[in-house]
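Colleague: One structure coming up, written as structure tokens, with questions to follow.
We did not get these values from a lab; they are worked out from the coordinates using the rules stated. What you are looking at is a predicted structure, and each value in this text was computed from that prediction instead of being measured. No Cβ is skipped: glycine too gets one built from the backbone with ideal geometry, and neighbour counts run over all protein chains shown.
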Amino acid sequence: MDQNTDTLISNAMKTASELLAAYAFSVVGALLILVLGLMAASWLSRLTRSALERTGRIDATLTSFLSKIVKYAVWVLVFVTVLSEFGVKTTSILAALGAAGLAIGLALQGTLSNIAAGIMILILRPFNTGEYIEVDGIAGTVEEIGLFSTQLKRSDGLFLMVPNSKLWGASVLNYSRNPTRRFELVVGIDYGDDMKQAREILLELAKADSRVLENPAPVSFVKSLDDSSVGIALRAWIGSADYLATTWDLTEEAKSRFDKAGISIPFPQLDINQKAA
């Protein structure tokens, strides 16, 4: 019994020494590749982040996302290389990873579409945080741009989350991007009123408001001859930040000044002439 035990132990030690001799270099090489690969992944990730941040044009969210993509890609490469050190056929592994990626991509088509749209939005910047936009009937102030969706605050204070693919796939109307905007006010006056006087009143009104820009200068003109009124228009350029408040004030003041000047704003009316039989 003791002799058999000694024989088993001797055979086990011999087998272990043979395995160690056979795979020693593979184990050392695999450990070395693993350590150096992980270090390289972290270094390349930091390098990518630093390079993107230096450009000053890439959003912090996209910078973080791309730097992580670089790190994970290196991890996969290191993992495959380590397995190849032990004689594992990496071709089958790569094929399995490709098939898994395809299956995940098909299952998450909508999500991946939102990510792709989010990346394009963060790169091309059709709108930024704090800007008021309108897209396909959706309007609000941009609060946060993410990889999957964009968060908006509507003018009534309600929260709105919109998938990025919906924002990227439609025309974006950005009310805040340009520093100035043109305002047009059209007031209908009676056909018997003085058109020149009405135009002068609107021009004086615009020039008296410090928020109205001098260049381009405001203009007033006869815009339309309607059924029951003459449309007198005022066009003025205003800073985007002051747009709403200024237009409200100008509209109210125009009505007040027309009333003082005796210029009427007629209601729609229809004259009916009846011929005697």
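Colleague: How long are the semi-axes of the equivalent ellipsoid of the range 141-204, defined as square roots of 5 times the Cα gyration tensor eigenvalues? Whole Å, largest first. Before the final figure, lay out each step's value.
Modeller: Working: eigenvalues 362, 31, 26 Å².
Each semi-axis is the square root of five times an eigenvalue, giving 43, 12, 11 Å.
Colleague: Hey, another quick one. On a 19 Å Cα-Cα criterion, which of the cross-link pairs K68/K166; K207/K255; K196/K255; K196/K223 come out too long?
Modeller: K68/K166
Colleague: Here is a follow-up. So, by mean Cβ neighbours within 10 angstrom, what's the order for 152-161, 215-224, 238-247 with the highest one leading? Working shown, then result.
Modeller: Working: 152-161: 11.8, 215-224: 14.0, 238-247: 16.3.
Taking the mean over residues of other Cβ atoms within 10 Å, the ranking is 238-247, 215-224, 152-161.
Colleague: Search the structure for amide H atoms under 5 Å from the amide H of I232, placed 1.01 Å from N in the peptide plane, and list their residues when 5 or more places away or on another chain.
Modeller: Distant-sequence amide H within range of I232: V187, G188, I189, K223.
Colleague: Another question, then. Going by amide H atoms built from the backbone, whose H comes under 5 Å of the H on S264, apart from near neighbours?
Modeller: When sequence neighbours closer than 5 places are left aside, the close amide H contacts are D190.
Colleague: Compute and list, largest first, the equivalent-ellipsoid semi-axes of the range 180-261 from the alpha carbon gyration tensor, each √(5λ) rounded to a whole angstrom. All intermediate terms of the calculation are to be shown ahead of the outcome.
Modeller: Numbers: eigenvalues 98, 30, 24 Å².
Square roots of five times the eigenvalues give 22, 12, 11 Å.
Colleague: If the chain between N178 and E200 were fully stretched, how many nm would it gain, using 0.36 nm times the residue separation less the Cα-Cα distance? Please report the intermediate quantities before stating the final value.
Modeller: On the way: separation 22, 0.36 × 22 = 7.92 nm, distance 2.90 nm.
Contour length minus Cα-Cα distance gives 5.0 nm.
Colleague: Ok, one more. Which whole-Hz ³J(HN,Hα) couplings does the range 144-153 yield from phi under the Karplus relation 6.51 cos²θ - 1.76 cosθ + 1.60, θ = phi - 60°, glycine and proline marked x?
Modeller: Using θ = phi - 60°, the values come out as 7, 10, x, 6, 9, 8, 10, 9, 10, 10 Hz.
Colleague: While we're looking at this one, here's another question. Apply the Debye scattering formula to the range 126-174, with a single equal point scatterer on each alpha-carbon and no solvent, then give log10 I(q)/I(0) at q = 0.20, 0.30 Å⁻¹.
Modeller: One equal scatterer on each Cα of the range 126-174 leads to -0.55, -1.33.
Colleague: Please list, in order along the range 256-262, the HN-Hα scalar couplings obtained from phi with the Karplus expression 6.51 cos²θ - 1.76 cosθ + 1.60 (θ = phi - 60°), rounded to whole Hz, x for Gly and Pro.
Modeller: Whole-Hz 3J(HN,Hα) from phi for the range 256-262: 5, 6, 5, 5, 5, 7, x.
Colleague: Between E253 and V76, 0.36 nm times their residue separation minus their Cα-Cα distance comes to what?
Modeller: 56.9 nm
Colleague: With charges only on Cβ, +1 for K and R and -1 for D and E, what is the dipole size of the range 132-245 about its Cα centre, in debye, rounded to 20? Don't skip to the end; give the middle numbers.
Modeller: Values: 12 positive and 16 negative charges, 92 e Å.
The calculated dipole for the range 132-245 is roughly 440 debye.
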